[in-house]
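Okay, so here's the structure we're looking at.
The values are calculated or read from the model by the stated rules, or taken from the named source; none is laboratory data. As the structure is a computational prediction, the values presented were derived from the model and not from experiment. We place every Cβ from the backbone using ideal geometry, glycine too, and count neighbours over all the protein chains shown.
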Amino acid sequence: MVSQSPTRPDIRELRERFEAHGQGHVFRFWDGLDADARHRLEAQAASLDLPALVRGFRATQEPLAATASLEPPEVEALPEHGGDAARHREARERGEAALAEGRVAVMVVAGGQGSRLGFSGPKGLFPIGPVSDRMLFALQAQKIRRLRERTGAAIPWYVMTSGATDAATRRAFEADKYFGLPPGDVFFLRQGMLPSFDFDGKLILEQPDRIFENPDGHGGSLTALLSSGALDDMRERGITTIFYYQVDNPLAILGDPILLGFHHGAGAQASCKSLRKETPEEKVGVFARIDGRIGVVEYTEITDEQRNARGADGALRFSAGNTAIHAFEVDFVRHVAAEAERRLPLHASAKKIRQVDEHGTPHDPSEPNGFKLERFVFDALSAADRVCVVEAPRDEYSPVKNATGADSPATSRRALSDQYRRWITEAGLSPPASDHWIEIDESRIGGPDDLRTLGLEQVGDAPDSILTRPGDDA
Ligand code: UTP
């Protein structure tokens with residue numbers, strides 16, 4: 001155990017730096033801390049880039065710049081919404097070729113704390129299979145296994161965790177033997193953390209020897225890709241494009257060839273899948289040209305007038321909802337991550353944050369007492385010269401966000417089972433009775449085409465791959 005005295009030059013210098021930025025209170029319990037506690041606090045304080053942090057936080061508190069000009073983005077519409085079916089076919093072929101050439105990696109962001117869901121573990125461990133209760137990671141691994149088989153390429157999987165989810169996520173992968181994937185093709189990376197500020201702009205201590213920190217938002221994925229060495233690993237593997245998705249959407253088509261094909265065809269650095277909003281009230285951010293560049297306007301930021309605006313055809317003007325499914329060029333991510341302070345600004349939201357009182361006793365406040373900070377991945381879009389927005393069918397997005405109601409396990413399982421029912425029908429088979437839940441093993445069957453190839457006469461002929469269960473709630 002290293003004994004440390006407050007007079008050591010490095011701690012003195014560190015404390016002076018915190019004083020100079022108005023954050024000297026971080027060390028106010030120093031004299032009462034034992035050597036271990038001092039060591040912990042010193043290490044944590046030294047790890048913070050304080051000037052950038054204080055600058056970034058101040059920027060979140062400044063009044064918003066004069067209203068930007070907002071225009072709808074160009075969207076590659078689905079053929080059933082007026083898009084060109086031949087262009088979609090071409091895009092799919094181009095995407096399949098990129099996958100087969102081994103140029104694509106899949107990345108999931110799974111570092112969030114899932115506070116709305118209220119599940120005790122990382123969201124990736126949430127049981128989502130409508131029949132088997134298979135966890136989200138297991139389902140996603142099935143999709144990747146089928147993708148590898150179909151394309152003959154390794155398709156490495158980059159799994160971003162955070163301090164909140166890392167250990168439990170790795171344990172789950174180990175326990176389930178990487179869900180049938182070669183461990184060498186699964187790369188874990190851990191996102192960074194950001195401290196919180198109280199309403200007076202002071203860093204919050206959650207313990208006398210600990211500054212409160214939370215995962216740095218999904219935007220932290222881009223900086224984590226750089227700092228973890230994942231981008232170098234990709235370069236060595238010949239990967240040029242990252243397919244990015246969120247762990248809580250079991251409906252995402254991983255390595256979607258249509259998105260990849262449009263992305264490559266347009267020579268885009270970043271691309272997005274969007275969902276056509278049906279009503280102005282749907283609580284989803286929308287893609288827009290903001291002062292000429294593609295970005296996302298959050299549901300909370302759009303004005304009522306913009307939210308309700310309709311074009312000459314009567315359709316909503318801002319209808320391209322954000323699914324958080326993207327394609328990113330590896331070089332683009334490197335560029336954004338290297339300029340993170342400028343490209344991925346901090347966002348602040350008022351939250352209840354555990355904080356010590358003047359005696360050093362921690363309390364959980366009943367009202368918001370400070371700002372948590374995060375980076376948003378879609379802020380990177382404004383750094384891209386070319387962004388392609390591709391419309392997704394509604395059934396590619398049904399996230400698990402809330403414990404009940406909209407976007408909950410109930411709606412997401414329902415959407416999965418309904419999707420499998422549709423695959424069965426499209427393949428020309430009779431689906432199980434309508435009060436039955438359905439689950440398909442996606443490592444074997446990735447869609448109606450795979451089902452057709454199997455040449456089944458009835459669903460019951462593949463009991464290992466197509467699971468069903470009766471249920472009043474189906
Ligand atoms: P959300 O913004 O929905 O947050 O994340 P969440 O943590 O899942 O849930 P709440 O808001 O606490 O209820 C969308 C996606 O981004 C990931 C999440 O894991 C999810 O896949 N994410 C979010 C991160 O990986 N890191 C973060 O810091 C935040």
### Query
What are the residues in region 227-240 that are within 16 Å of the ligand (Cβ to nearest atom) and surrounded by fewer than 20 Cβ atoms within 10 Å (Cβ to Cβ), if any?
S227, S228
## Note on the structure
Of F179, F137, the only residue that is within 16 Å of the ligand (Cβ to nearest atom), over 30 Å from H25 (Cβ atoms) and of a type in the set (A, V, I, L, M, F, W, C) is F137
### Message
Pairs please, first residue from region 99-120 and assigned to a strand (DSSP E or B), second anywhere and within 6 Å of the ligand (Cβ to nearest atom), Cβ atoms under 7 Å, 6+ apart in sequence or on different chains.
### Response
M107/M160; V108/M160; V108/V247; V109/M160; V109/H218; V109/Q246; V109/V247
### Message
Among the listed residues F243, F262, F212, identify the single one that is within 16 Å of the ligand (Cβ to nearest atom), over 22 Å from L373 (Cα atoms), crowded, with 22+ Cβ neighbours inside 10 Å and not aliphatic (A, V, I, L, M).
### Response
F243
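Being among the basic types (K, R) and without any contact (Cβ under 8 Å) to a residue 24 or more places away in the chain: is that true of R394 here? Lay out the reasoning, then the answer.
On the way: among the basic types (K, R): yes; without any contact (Cβ under 8 Å) to a residue 24 or more places away in the chain: no.
So R394 does not fit the description; no.
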### Query
Can you tell me how many residues in region 166-177 are touching a strand residue (DSSP E or B) at 6+ places or on another chain (Cβ under 8 Å) and not aromatic (F, W, Y)?
4
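To keep it simple, each residue is scored yes or no on (1) within 16 Å of the ligand (Cβ to nearest atom); (2) in contact (Cβ under 8 Å) with a residue 60 or more places away in the chain.
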site	(1), (2)
R310	no, no
E329	no, yes
H335	no, no
R342	no, no
F371	yes, yes
F378	yes, yes
V390	no, yes
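Here's the yes/no breakdown for (1) part of a strand (DSSP E or B); (2) in contact with a Phe, Trp or Tyr (Cβ under 6 Å, 6 or more places away or on another chain); (3) exposed (fewer than 14 other Cβ atoms within 10 Å of the Cβ); (4) not β-branched (V, I, T):
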position: F318; (1), (2), (3), (4): no, no, no, yes
position: H326; (1), (2), (3), (4): yes, yes, no, yes
position: D331; (1), (2), (3), (4): no, no, yes, yes
position: S349; (1), (2), (3), (4): yes, no, yes, yes
position: E367; (1), (2), (3), (4): no, no, yes, yes
position: F371; (1), (2), (3), (4): yes, yes, no, yes
position: F378; (1), (2), (3), (4): no, no, no, yes
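Filter region 420-438 for residues that are touching a helix residue (DSSP H, G or I) at 6+ places or on another chain (Cβ under 8 Å), surrounded by fewer than 19 Cβ atoms within 10 Å (Cβ to Cβ) and part of a helix (DSSP H, G or I) and give the result.
Across region 420-438, the qualifying residues are R422, E426.
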### Count - residues of region 114-124 that are loosely packed, with under 14 Cβ neighbours inside 10 Å, within 6 Å of the ligand (Cβ to nearest atom) and closer than 16 Å to A167 by Cα
0
### Message
Quick check on region 398-417: of everything there that is closer than 19 Å to L275 by Cβ and within 10 Å of the ligand (Cβ to nearest atom), which residue is surrounded by the fewest Cβ atoms within 10 Å (Cβ to Cβ)?
### Response
N402
### Query
Looking at region 439-474, which of its residues are of a type in the set (S, T, N, Q), under 20 Å from R414 (Cβ atoms) and part of a helix (DSSP H, G or I)?
none
### Task
Can you tell me which residue within region 96-113, out of those that are within 14 Å of the ligand (Cβ to nearest atom) and either of a type in the set (G, A, S) or modelled with pLDDT under 95 (or both), is surrounded by the fewest Cβ atoms within 10 Å (Cβ to Cβ)?
Q113
### Message
Give all pairs with beta carbons closer than 6 Å in which a residue from region 203-216 that is closer than 15 Å to P365 by Cβ meets a residue that is polar (S, T, N, Q) and surrounded by fewer than 23 Cβ atoms within 10 Å (Cβ to Cβ); count only pairs at least 6 apart in sequence or on separate chains.
### Response
I204/Q355
